[in-house]
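Below you'll find the structure, written out as structure tokens, and then a few comments.
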Amino acid sequence: MKKVILTGDRPTGKLHLGHFVGSLKNRVELQNSGEYNSYIMIADMQALTDNAKNPAKVRENVLEVALDYLAVGIDPAKSTIFIQSQIPALSELTMYYMNLVSLSRVLRNPTVKTEISQKGWDKSKELLWDSPLLVENSLDYKGTPAGFAMYPISQAADITAFKANVVPVGEDQLPVIEITHEVVRVFNKIYGKTLIEPEAVVPNDVKSRRLPGIDGNAKMSKSLGNGIYLSDDYETLKKKVMSMYTDPDHIHVSDRGKIEGNVVFTYLDVFAPDQAKVAELKEQYQRGGLGDVVVKKYLLEVLDEILSLIRKKRAELAKNPAAIYDMLREGSKKANIVAAQTLHEVRKAIGVEYFES
Ligand code: TRP
């Protein structure tokens, strides 16, 4: 029997180069190896955990993310692409799993904590809903939507519903997947062996795990506005590459330049097919006598080589959104059958299938 892959993305924006090297490329390779049964989920319910007031954004980005998937080579004939909210079993599993993980365990999760503080919910006086209960609450996390704090548990439902063995994700997701392990272990211990413990997979190459932003920030991210998107046109790509952070002390062409922290070289390490040429450029740059513009032009060439194909395919697909929704409907139908089967087993294990016999 083939191993199962499950992974996905929150549809809160278009996907960028960080997603591409951090996870999408990996998924396409695994898909094409033919050794796996792949499920790829657009996590719209998870996106709503911090976008409840902005459902239109989530809805629009379901289509955008689907276009990004197809454009990079995820193939609906080989991978099942589906929408999380269309699989009711996932919500029901989440309800059962929520009882297996303590509140403090969820709130102690480093990824969740970082996200909560990035969003300012820990300090925020602003309340999500006008609830007198929340006014009385003196917890640190009081501005955090309850659903957001629980997202790692719903992610455990996503993964276990498909009995996934392998979960290719970005590095920041590792602590979240830890909670899946905990849910599986505790569930199987209490109710009998029902669920499968998955393995999270991040790229082998350390530099691909966390691609820096074009501004030199350690992470490319939508909220920081420092990303290169798979859908960026050539002019946008050019502008971004030309404005990239290099070595601030490298002012004259004749100056000696630094490689470390120089985003242009980090990208060349990750993307350039000719690494011998990159090594040569690095040497020359460090010696002095190589201008930023020359290196940036080479990077532009390298990136456009990759992105022009993706961009072209994406634009073609975007002409027919109805076909994309058809594909998503088919994928969701298939995913539903699998998830419903697992839910049935889970209900039986817990003993809440009352009318079966
Ligand atoms: N949390 C993931 C992200 O932000 C998206 C996601 C939701 C996911 N459910 C998942 C990833 C299940 C892997 C498995 O990127």
Quiz item: Out of the range 260-293, which residues are small (Gly, Ala, Ser), surrounded by fewer than 18 Cβ atoms within 10 Å (Cβ to Cβ) and without any contact (Cβ under 8 Å) to a residue 40 or more places away in the chain?
Solution: Ala276, Ala279, Gly288, Gly289, Gly291
Quiz prompt | Failed criterion for Ala47 (all others in (1) farther than 19 Å from Lys312 by Cα; (2) part of a helix (DSSP H, G or I); (3) open to solvent by less than 50 Å² (accessible area, probe 1.4 Å); (4) touching a residue at least 60 places away in the same chain (Cβ under 8 Å) hold) | solution = (4)
Exercise. Answer with yes or no whether Asn204 is surrounded by fewer than 23 Cβ atoms within 10 Å (Cβ to Cβ), more than 9 Å from the ligand (Cβ to nearest atom) and free of Cβ contacts under 8 Å to residues at least 60 places away in the same chain.
Key: yes
Quiz item: What number of residues within the range 26-46 satisfy the criterion of being under 13 Å from Lys14 (Cβ atoms) and out of contact with any Gly (no Cβ under 7 Å at 6 or more places or on another chain)?
Solution: 0
Quiz prompt | Residues that are touching a helix residue (DSSP H, G or I) at 6+ places or on another chain (Cβ under 7 Å), open to solvent by less than 80 Å² (accessible area, probe 1.4 Å) and not β-branched (Val, Ile, Thr), drawn from the range 310-331 | solution = Arg314, Leu317, Ala318, Pro321, Leu328
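This table checks each residue for (1) assigned by TED's automatic domain parsing to the domain that holds Val253; (2) within 27 Å of Leu17 (Cα to Cα); (3) of a type in the set (A, V, I, L, M, F, W, C).
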{"position": "Gln286", "(1), (2), (3)": "yes, yes, no"}
{"position": "Val295", "(1), (2), (3)": "yes, yes, yes"}
{"position": "Leu307", "(1), (2), (3)": "yes, yes, yes"}
{"position": "Glu330", "(1), (2), (3)": "no, no, no"}
{"position": "Ala339", "(1), (2), (3)": "no, no, yes"}
{"position": "Val346", "(1), (2), (3)": "no, no, yes"}
Practice problem: For the range 189-201, state whether one or more residues are assigned to a helix (DSSP H, G or I), without any contact (Cβ under 8 Å) to a residue 40 or more places away in the chain and open to solvent by less than 50 Å² (accessible area, probe 1.4 Å). | Solution: no
Quiz prompt | Elements of type helices (runs of 4 or more DSSP H) in the range 264-354, at least 1 residues being among the small types (Gly, Ala, Ser) and under 21 Å from Met244 (Cα atoms) | solution = 275-287, 292-318
Practice problem: Would you be able to tell me the number of residues in the range 296-307 that are closer than 15 Å to Leu15 by Cα and open to solvent by 20 Å² or more (accessible area, probe 1.4 Å)? | Solution: 1
Self-check item: Residues being of a type outside the set (Ser, Thr, Tyr) and more than 15 Å from Ile214 (Cα to Cα) - total across the range 260-292
Solution: 19
Quiz item: Is at least one residue of the range 3-12 assigned to a helix (DSSP H, G or I) and either open to solvent by less than 30 Å² (accessible area, probe 1.4 Å) or more than 10 Å from the ligand (Cβ to nearest atom) (or both)?
Solution: no
Self-check item: Evaluation of Asp44 against (1) charged (D, E, K, R); (2) over 18 Å from Asn336 (Cβ atoms); (3) within 14 Å of the ligand (Cβ to nearest atom) (one fails), failing number
Solution: (2)
Exercise. Answer yes or no as to whether Asp249 is open to solvent by 10 Å² or more (accessible area, probe 1.4 Å) and touching a Leu at 6+ places or on another chain (Cβ under 7 Å).
Key: no
Quiz item: Do we find a residue being within 30 Å of Ala272 (Cβ to Cβ), within 16 Å of the ligand (Cβ to nearest atom) and modelled with pLDDT under 85 anywhere in the range 155-170?
Solution: yes
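The values are calculated or read from the model by the stated rules, or taken from the named source; none is laboratory data. Bear in mind that the values here come from a model prediction, so they are computed numbers and not experimental data. Note: ideal-geometry Cβ built from the backbone for every residue, glycine included; neighbour counts use all protein chains shown. With ligands, DNA and RNA removed, areas are computed over all heavy atoms of the protein, side chains included. Shrake-Rupley method; radii C 1.70, N 1.55, O 1.52, S 1.80 Å.
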